[in-house]
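For reference, the structure is listed below as structure tokens.
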Amino acid sequence: MTVELTLVSHVLCPYVQRAAIVLAEKGVPFSRRWVDLAAKPDWFTAISPLGKVPVLLAGGEAIFESAVICEYLDDTRPPRLHPEDALQRARHRAWTEFGSGVLDTIGAYYRAADARQLETQRDLLRARFGQLEQALDAEGPFFAGASFSIVDAVFAPVFRYFDAFESVGEPGCFDHTPRVRAWRAALSGRPSVRAAALPDHAERLQAFLAARGSELSRRIASSGPAARRRSNDQSSEIF
């Protein structure tokens, strides 16, 4: 019997997007249930012990934490996105965790209180992408070559942030990482990646960044009227 799947989601959460990408890559039908993390309803706190998204409702079972959700899907729904070789599978899992660390640094970047802190976090991001440059398959287009993997699903939402940063004139982080640049471009055109976010994601993300009260927020405010637009969702949390 096919288990009905519902992905409990927040409109901006990159961890939700990685789960949605994996579901799409496997061609698995699923529905979405949206939650406002700034006003968590009782039904959500009852199924999410950590109070975070995503949560995958699989029949009567609630599966939380994006890495666990992706592993469950890879165990139960073809095609496999992790390598068959155990050592390579462990390597992919390690780089998945690395991707979560990059998201933490991105959070520190957009919350940086002043220009000095912002530049410090930008330098850290450049260093992280330098490490990735060495790990990527030389032939591409994806992390491990021709086959799309869970590592690709993890990093596609990471790169969305840089679309927002660059759109308001912030310096890039990929000048010295040509493989990462090519990977970013390949992921951006992937149908599963495009479908994982709402059509107005860019506007919502820019509004979220503008509302942080940070150095980046001030730069967005000074970059023109279009960058100062606000969405209806001003949640203080996106995870």
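Structural remarks
- The one condition in (1) touching a residue at least 24 places away in the same chain (Cβ under 8 Å); (2) open to solvent by 80 Å² or more (accessible area, probe 1.4 Å); (3) in a helix (DSSP H, G or I); (4) not β-branched (Val, Ile, Thr) that PHE44 fails to fulfil: (2)
- Test result for GLU166, under 19 Å from the mean Cα position of the chain (by Cα), more than 28 Å from VAL8 (Cβ to Cβ) and modelled with pLDDT of 95 or more: yes
- Taken over region 123-166, the criterion of being more than 20 Å from GLU97 (Cα to Cα) and in contact (Cβ under 8 Å) with a residue 40 or more places away in the chain is satisfied by ALA138, GLY140, PRO141, ALA164, PHE165.
For (1) open to solvent by less than 30 Å² (accessible area, probe 1.4 Å); (2) farther than 25 Å from PHE162 by Cα, each residue gets a yes or a no:
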| residue | (1), (2) |
| --- | --- |
| GLU61 | no, yes |
| ASP75 | no, yes |
| ARG91 | no, yes |
| GLU97 | no, no |
| VAL102 | yes, no |
| GLY107 | yes, no |
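- Any hit, region 104-114, residues being assigned to a helix (DSSP H, G or I), of a type outside the set (Ser, Thr, Tyr) and closer than 18 Å to LYS26 by Cα: no
- Some residue of region 135-149 being under 17 Å from the mean Cα position of the chain (by Cα), assigned to a helix (DSSP H, G or I) and either buried (at least 17 other Cβ atoms within 10 Å of the Cβ) or not acidic (Asp, Glu) (or both): no
The values are calculated or read from the model by the stated rules, or taken from the named source; none is laboratory data. Bear in mind the structure is a predicted one, so any value in this text is a computation, not a measurement. Because the Cβ atoms are built from the backbone with ideal geometry, glycine has one as well, and the counts that use them run over all protein chains shown. Protein only, heavy atoms only, side chains kept; ligands, DNA and RNA dropped before computing areas. Shrake-Rupley method; radii C 1.70, N 1.55, O 1.52, S 1.80 Å.
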